[in-house]
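Chemist: Here it is, the structure in full.
Quick note: the coordinates plus some simple rules give every number you see, no bench work behind them. Predicted model only: the values in this text are computed from it and were never measured. Cβ placement follows ideal geometry from the backbone for every residue including glycine, while neighbour counts extend to all protein chains displayed.
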Amino acid sequence: MNWNEFLNIVSKLPVIDTENLLAGVSDPAVIQVQVSRWKEAGKIIQLKRGLYLLAEPYRKIEPYDPYIAAILRKPSYISLEKALEYHNLIPEAVSAYTSVTPKRKARYVSREGIFEYSHIKKSLFWGYDSVTVDNQTAFIASCEKAILDHFFIKKPEISLDYLDGLRLQNVEKIRIERLFEYARDFNKPEILSAARAIREYISLSSIGEKTL
């Protein structure tokens, strides 16, 4: 298979999965060598072993980074800081795509970006929605689940000062009833404490005060 034949097959794919590409091929080792050469030539970008993107000059579809996050580690959903940015709950852009997964934690670095995965037990793998862009489906935590995941995984000291340090904004998006419903489902006293602190922070924000 030469480069033009390869492009005819993959140019409309946002992500190239070589396992699927090699299925049924009589001599997959030859194509694997070619893929390695195309990577070295900068024609394709490796996300991880077996997953690639076409370099920008060759793309017919732009990959949606949250979709890449979803397929690099299955199952997973974007949460923590990146989900807070997505919901415009924090003002800063977050350089890494932060996700949670019931599998082991992982980190992938490529020219496309940084994708980080924190472990969360299966019983807490919920509270996310699907988002589809150009037929690429990603999974992103709700406002409430993202901030509770943050407290569950990062385990910071629960205080109004800490929430103030996060520079939370647009806190009216956080639905208090759902926040406490989710917090109870964690079955962790510290997460209920975090929910109470968040509720107090939102209340203070509504009257123009953020700290006591």
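Chemist: What ranking do 136-147, 189-200, 30-41 get when scored by the average of other Cβ atoms within 10 Å per residue, highest first?
Modeler: 136-147, 189-200, 30-41
Chemist: Using a cut-off of 16 Å between alpha-carbon atoms, which aspartates and glutamates can reach LYS122, once sequence neighbours fewer than 8 places away in the same chain are excluded?
Modeler: ASP149, ASP185
Chemist: May I ask you to derive the FRET efficiency for GLU172 and TRP126 from their Cβ-Cβ distance with R0 = 25 Å, giving the value to the nearest 0.05?
Modeler: Computed FRET efficiency for GLU172 and TRP126 comes out at 0.60.
Chemist: Which value does Rg/Rh take for the chain over its C-alpha atoms, Rh per Kirkwood?
Modeler: With Rh from the inverse mean 1/r over Cα pairs, Rg/Rh is 1.08.
Chemist: Listed here are the pairs LYS48/LYS188; LYS74/LYS188; LYS48/LYS145; LYS74/LYS154; which of them are more than 24 Å apart at the Cα?
Modeler: Among LYS48/LYS188; LYS74/LYS188; LYS48/LYS145; LYS74/LYS154, the Cα-Cα distance tops 24 Å for LYS48/LYS188; LYS74/LYS188; LYS48/LYS145.
Chemist: Could you tell me what fraction of 2.2 N^0.38 Å the Cα radius of gyration of the range 150-212 comes to, as a two-decimal ratio?
Modeler: Normalised Cα radius of gyration, the range 150-212: 1.06.
Chemist: On to the next question. Pull up all non-local amide H partners of ILE114: gap of 5 or more, or a different chain, and H-to-H distance under 5 Å with H placed in the peptide plane.
Modeler: Here the answer is TYR97, since their amide H atoms fall under 5 Å of that of ILE114.
Chemist: Taking the 0 to 90 degree range and rounding to the nearest ten, how far is the long axis of helix 176-186 tilted relative to the main principal axis of the chain, both from C-alpha atoms?
Modeler: Helix 176-186 sits roughly 70 degrees off the main axis of the chain.
Chemist: Amide H neighbours of ASN170 under 5 Å, counting only residues 5+ apart in sequence or on other chains, H built in-plane at 1.01 Å?
Modeler: none
Chemist: Sticking with this structure for a sec: Among rounded, prolate and oblate, which fits the range 3-58 when a ≥ b ≥ c are the square roots of the eigenvalues of its C-alpha gyration tensor, a/c under 1.5 means rounded, and a/b larger than b/c means prolate?
Modeler: Rounded, since a/c falls under 1.5.
Chemist: Full extension from LYS12 to ASN88: what is 0.36 nm times the residue separation minus their Cα-Cα distance, to one decimal in nm?
Modeler: Answer, rounded to one decimal: 24.2 nm.
Chemist: Which length gain, in nm to one decimal place, applies between TYR58 and LYS154 when the Cα-Cα distance is subtracted from 0.36 nm times their residue separation?
Modeler: 30.6 nm
Chemist: For a quick check, take a GNM of the chain with Cα springs below 10 Å and name the residue from TYR67, TYR201, TYR77 with the largest mean-square fluctuation.
Modeler: Maximum among the listed residues: TYR201.
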